[in-house]
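Student: Take this structure first; my questions come after.
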Amino acid sequence: MKTFHCDKCGQLVFFENVRCENCGSILGYVPERLAIYAFEEDADGRLRSPNPHLGGRKYKKCVNYAREDVCNWMLEADTTSELCASCQLTRIIPTLSSEKNRLYWKRLEAAKRRLLYTLWALHLQPTPKLDDADAGLAFEFKEDTPQQHVMTGHADGVITINIAEADPSFREKTREEMGEPYRTLLGHFRHESGHFYFDRLFAGGERLDDFRALFGDERQDYSACLQTHYDNGPPSNWNERFVSAYASMHPWEDWAETWAHYLHIVDTLDTAHACGMMLKPQRPDEPELVIEGQPVRSEDFDELLNDWFSLSYVLNSLNRSVGMPDPYPFMLSTPVIDKLRFVHEVVHSRR
C-alpha cells in the first residue's frame, strides 16, 4: 500500500484516517483514485476537495462513515447509493446490540478495505452481487448462535466471516489449536477471495491444464479430502510442495493459500516501496534491497521474489529484536515458488 498525505497541509496520514490531526481537515478515501483527499464542507452540506485532480466534483461520505464510524470511503455527491464501493459488498453485518459486535464489525470492514485496495491496484475490482447475481461478490459477517456455528468460507460468490475472528484472543487460541504459524483477519479475507477469483479467473477453462499440473485436479471430492485432512492431518512432507499444511488438503485450498500469500507479498513490498525502504548491508553477502518500481505493477516475478526474500529477512530480524514472533514464518520451496509465479502470471494476464 502506498503512503498517503493530507493534500491541504502535507501531513502524513494513514489509510484508515478520517481526520487530519495537523490541520483538522475531513479526510476521505476515493477508491477510483486509490487516494485519500482532504475535504471542505460547502453551504449545502456537500464535500469538495481543493485538489485539482478531482476536478471540483462534490462528494459525500458513505453512510457507514457518516453515521456508523466504520468506514472512511467517499462517493460522488450525485450517486444514488448511500453506500461506498466497499460497503456495497457487505450484505450482512453483525447485530449491533453490543459494543463488542460494533467493534468487530469495524475491524472486519477495515480488513476488507485493505483487501479491496490491493484488488483495485491489481485491476481486479469485484462487482457487487447486488449488481451481478452470478459473477458478483458479497460479504456476510455472522455471529455464532446456540443453534448454529458460523463457518468462515466462500460459496457461490459469498464470503462468510465468523465475527469471532475479529477477536484477537479467539484468533490466537484457534491458531494454537490448529497448529498454524500465521492467522490474521486480513489473511482470512485474502484466502477467501482466492476461492472467489478461482471461479472467475478459470471460468472459461483457460489455463486449467496449467493449474492442474501445479496444484492438482480440483474435481476430486472436496468433502472426502476435507475429512481425510482432519482425520489424518497433512502429509509429513507437506512443506516440500505446499505453502501451508492446510494447502495440502485440496487443490482449491492450495490455490487459495497461494493466492493469499501472493497478496501478502505484493502488498507488503508495495508498502516498503512507498516508504522508500532500502537495505544497504555492511557485508556484501547479506540481503540487499532496492525496489525500483511499484511492486503491485511489476511484471517481473523473479525481481519481486528476490525483493521479498530480502524484506522478509529484515522483518523477521526486527521482530525478534523486540521479542515478537516472526511476521513471516514461512519457507518457500521450489514447487511453492512455481505456484506463486503462476498466480502472478494469471493476475497480470487479466490486467
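Student: Go through (1) surrounded by 16 or more Cβ atoms within 10 Å (Cβ to Cβ); (2) under 23 Å from the mean Cα position of the chain (by Cα) and name the single condition LYS60 misses.
Tutor: With respect to (1) surrounded by 16 or more Cβ atoms within 10 Å (Cβ to Cβ); (2) under 23 Å from the mean Cα position of the chain (by Cα), LYS60 is out only on (2).
Student: Starting from residues that are touching a helix residue (DSSP H, G or I) at 6+ places or on another chain (Cβ under 7 Å) and modelled with pLDDT of 90 or more, keep the ones in the stretch 169-191 and report whichever is surrounded by the fewest Cβ atoms within 10 Å (Cβ to Cβ).
Tutor: Only one residue tops the list, namely LEU186.
Student: Give ALA155, ALA133, ALA166 a once-over and let me know the one that is small (Gly, Ala, Ser), buried (at least 20 other Cβ atoms within 10 Å of the Cβ) and over 30 Å from GLU299 (Cβ atoms).
Tutor: ALA166
The values are calculated or read from the model by the stated rules, or taken from the named source; none is laboratory data. Keep in mind it's a predicted model, so treat the numbers as computed, not measured. Here the Cβ is made from the backbone with ideal geometry for all residues, glycine too, and neighbour counts use every protein chain on show.
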